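A quick write-up on the structure given underneath.
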Amino acid sequence: MDFELARARLIDHLAAEIKDQRVLAAMSRVPRHLFIPPDLADMAYDDIPLPIGLDQTISQPYIVALMTEKLELTAGKKVLELGTGSGYQTAILAELARAVVTTERLPELMEKAKVILEHLGYKNIEMHLAEEALGWKSGAPYDAIISTAGAPKVPAGLVAQLAIEGRMVIPVGSRCDQELHIIIRHNHGTEDINLGGCRFVSLIGKEAWEE
C-alpha cells in the first residue's frame, strides 16, 4: 500500500473542515500506520477510529485534528495530554508545541508508544504512568491540556493545572456518549464552549470514572 498517497488523500479530506494549516502539516508528517496493529495498516488513513488492543482505540483523524486545532498551539507552548494510548496524538502535539507531557495508565500501551515515538526521533515528549489524581501536577501550569478519554464532568484539578488563558479540550458526558468541550481559564473564572457530540473511552481516576 502507498501510505504516502493515502496520507495525502486524508489530509485533503480533512482540509474541508480543518483550517489551521499547521495542524494539517503536522498530520501530513506523522505516519499513522506505525501506531496501529499491522493487520489494520491498510485502514490507517481512513477517517475512522481503530482498535489498538486492551479495549483502547486510536481516535478518528478528524477528531484528532479538531481537538488539536482547538488547543491553538504555537511553538512556545507546553501541553499536557491525558491518555497517551497509541502515541499518535502525542506525536501530533510534539510537532506543534515546545514540550509535551503525556500520561497513560496502561504500562503496556505506554511502552509501545514510547518505542514508536523514540524511533520517530521526538525529543520534546515526557511520558509518565498516570497516577490516581488526573494530569501531572509537578509540570503545571500548562498552556494547553487535551484529554483523549471522556470524563463525567470537567475536572477542577485539571483546570487548576491550566495557565491563565490556557485551553483544555475534553470530552464530557456518560461512559457511552460525550460532548467535546473547550475550557478556557481566565483570571475571573472559566469559559466553556461545547463543540457537540463525540464518543471516547472512559477517563479513569479521581474526578473521573472508577475502573
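The values are calculated or read from the model by the stated rules, or taken from the named source; none is laboratory data. Just so it is clear, the structure is predicted and the values come from calculations on it, not from any experiment. Here the Cβ is made from the backbone with ideal geometry for all residues, glycine too, and neighbour counts use every protein chain on show.
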Test: residue in the range 40-48 that is over 15 Å from HIS13 (Cα atoms) and within 16 Å of the chain's Cα centre (by Cα): no
Determine which member of the set VAL172, VAL154 is within 17 Å of ILE184 (Cα to Cα), hydrophobic (A, V, I, L, M, F, W, C) and not in a strand (DSSP E or B). VAL154
Counting only residues in the range 106-151 that are in contact with a helix residue (DSSP H, G or I) (Cβ under 8 Å, 6 or more places away or on another chain), part of a strand (DSSP E or B) and in contact (Cβ under 8 Å) with a residue 60 or more places away in the chain, the one farthest from CYS198 (Cα to Cα) is identified as ALA144
Which listed residue, of THR74, THR103, is at pLDDT 95 or above, of a type outside the set (Asp, Glu), surrounded by fewer than 24 Cβ atoms within 10 Å (Cβ to Cβ) and not in a helix (DSSP H, G or I): THR103
Only one residue in LEU54, LEU66 is buried (at least 18 other Cβ atoms within 10 Å of the Cβ), of a type outside the set (Gly, Ala, Ser) and in contact (Cβ under 8 Å) with a residue 40 or more places away in the chain, so which one is that? LEU66
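Confirm whether ALA26 is at pLDDT 95 or above, surrounded by 23 or more Cβ atoms within 10 Å (Cβ to Cβ) and either among the aromatic types (Phe, Trp, Tyr) or touching a Leu at 6+ places or on another chain (Cβ under 9 Å) (or both).
So ALA26 does not fit the description; no.
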